[in-house]
1. What number goes with the only condition from (1) within 25 Å of the chain's Cα centre (by Cα); (2) assigned to a loop (DSSP other than H, G, I, E, B) that P196 does not pass?
2. Give the residues of the range 186-233 that are under 19 Å from C170 (Cα atoms), among the basic types (K, R) and modelled with pLDDT of 90 or more, sorted by residue number.
3. Against the definition (in a strand (DSSP E or B), assigned by TED's automatic domain parsing to the domain that holds K129, under 18 Å from N122 (Cα atoms) and out of contact with any His (no Cβ under 6 Å at 6 or more places or on another chain)), how does I201 come out, yes or no?
4. All but one of (1) farther than 27 Å from D63 by Cβ; (2) hydroxyl-bearing (S, T, Y); (3) in contact with a strand residue (DSSP E or B) (Cβ under 8 Å, 6 or more places away or on another chain) hold for Y21, so report the exception by its number.
5. Could you tell me whether any residue of the range 154-163 is among the β-branched types (V, I, T), under 21 Å from D242 (Cα atoms) and touching a strand residue (DSSP E or B) at 6+ places or on another chain (Cβ under 7 Å)?
6. Those residues that are among the aliphatic types (A, V, I, L, M) and either within 19 Å of D218 (Cβ to Cβ) or exposed (fewer than 12 other Cβ atoms within 10 Å of the Cβ) (or both), I need them from the range 150-178; list them, please.
7. Being among the charged types (D, E, K, R), in contact with a helix residue (DSSP H, G or I) (Cβ under 8 Å, 6 or more places away or on another chain) and not in a helix (DSSP H, G or I) is the filter here; which residues of the range 111-139 pass it?
Amino acid sequence: MDENIATLKGIGLTMYEAKAYVTLTSLISAPASEVAEKSNIPRSKIYDVLKGLGEKDFLEIEDGRPLTYNVKSPVEVLSREKERLNSEIDDTITRLTNVYENGMSQVQAPIWRIYGVEKIINQELEIIKRAKKSVNMRIGFLFEGEGDALVKALKNRNDLSVNILASPTCYINDEKTEIISLFKENDISIQKADIPFVKLIISDSREMMHTYTKFSEDKRNVIPETAIGIWNKYEDIARNYDERFMNQLKKIKGKSKKKA
């Protein structure tokens with residue numbers, strides 16, 4: 001199937017409507033008989049097909065004998081449809097997220113194990129997206145690509161209070177990564193701390209995830225296939241860890257002021 005036709009079907013056109021529109025983009029303006037001939041659409045169907053495209057605002061119908069069908073610019077038409085689809089997808093995300101979160105709250109034991117680096121990073125990003133007020137993190141190491149993904153997600157949520165305690169550096173594929181610099185360069189609040197080889201993210205004192213992994217013998221490189229995330233939605237536990245985090249953060253900031 002032609003890629004253009006497949007895309008047009010994906011945004012809601014029928015096969016015949018997609019074929020007719022693609023044909024009209026080369027003809028620009030034509031009677032129904034010519035559109036039918038060039039697109040291989042049966043003449044018995046072509047008038048209903050073109051009428052449908054007119055109702056969907058993909059073309060204009062010019063009065064006359066015969067009627068003339070004038071195609072609308074793909075930039076105009078597809079930009080409009082893209083905007084409409086993005087809006088519909090955003091609305092669907094909002095509705096289904098509410099359903100999902102309501103369902104999650106009914107789970108008897110809201111603790112899950114997550115295996116695999118990609119899934120762990122995706123869950124961290126989801127936690128950031130769901131956060132309403134705050135995200136606090138302890139970072140003792142980073143997976144490949146994780147730092148950039150976290151920075152992007154946090155920059156998109158400038159409505160949140162974000163605090164990070166982190167080791168200054170870690171190694172990814174034997175290359176030294178400056179954790180503190182990565183976040184500071186992007187204006188994200190981060191404090192140097194003595195963090196072991198674990199990661200913790202907490203949002204709104206309501207949910208949290210610990211991430212653990214084994215390291216190479218020299219204690220430098222992550223062994224990705226051993227990574228596991230423990231996602232926890234017990235609010236009492238998340239609140240307890242958040243309070244401990246904030247106490248540690250205050251102590252570190254207090255020491256920094258004394259040194260200054």
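The values are calculated or read from the model by the stated rules, or taken from the named source; none is laboratory data. Remember, it's a predicted structure, so these values are computed and weren't measured experimentally. Neighbour counts run over all protein chains shown; Cβ positions are idealised from the backbone, glycine included.
1. (1)
2. If the condition is that a residue be under 19 Å from C170 (Cα atoms), among the basic types (K, R) and modelled with pLDDT of 90 or more, then K192, K199, K214 are the ones that fit.
3. It is true that I201 is in a strand (DSSP E or B), assigned by TED's automatic domain parsing to the domain that holds K129, under 18 Å from N122 (Cα atoms) and out of contact with any His (no Cβ under 6 Å at 6 or more places or on another chain).
4. If we test Y21 against (1) farther than 27 Å from D63 by Cβ; (2) hydroxyl-bearing (S, T, Y); (3) in contact with a strand residue (DSSP E or B) (Cβ under 8 Å, 6 or more places away or on another chain), just (1) comes out false.
5. yes
6. I172, the sole residue that qualifies.
7. If the condition is that a residue be among the charged types (D, E, K, R), in contact with a helix residue (DSSP H, G or I) (Cβ under 8 Å, 6 or more places away or on another chain) and not in a helix (DSSP H, G or I), then R138 is the only one that fits.
Quick grid of which residues meet (1) free of Cβ contacts under 8 Å to residues at least 40 places away in the same chain; (2) over 19 Å from R80 (Cβ atoms):
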| residue | (1), (2) |
| --- | --- |
| L8 | yes, no |
| E17 | no, no |
| A20 | yes, no |
| S29 | no, yes |
| K38 | yes, yes |
| I41 | yes, yes |
| V49 | yes, yes |
| F58 | no, no |
| I61 | yes, no |
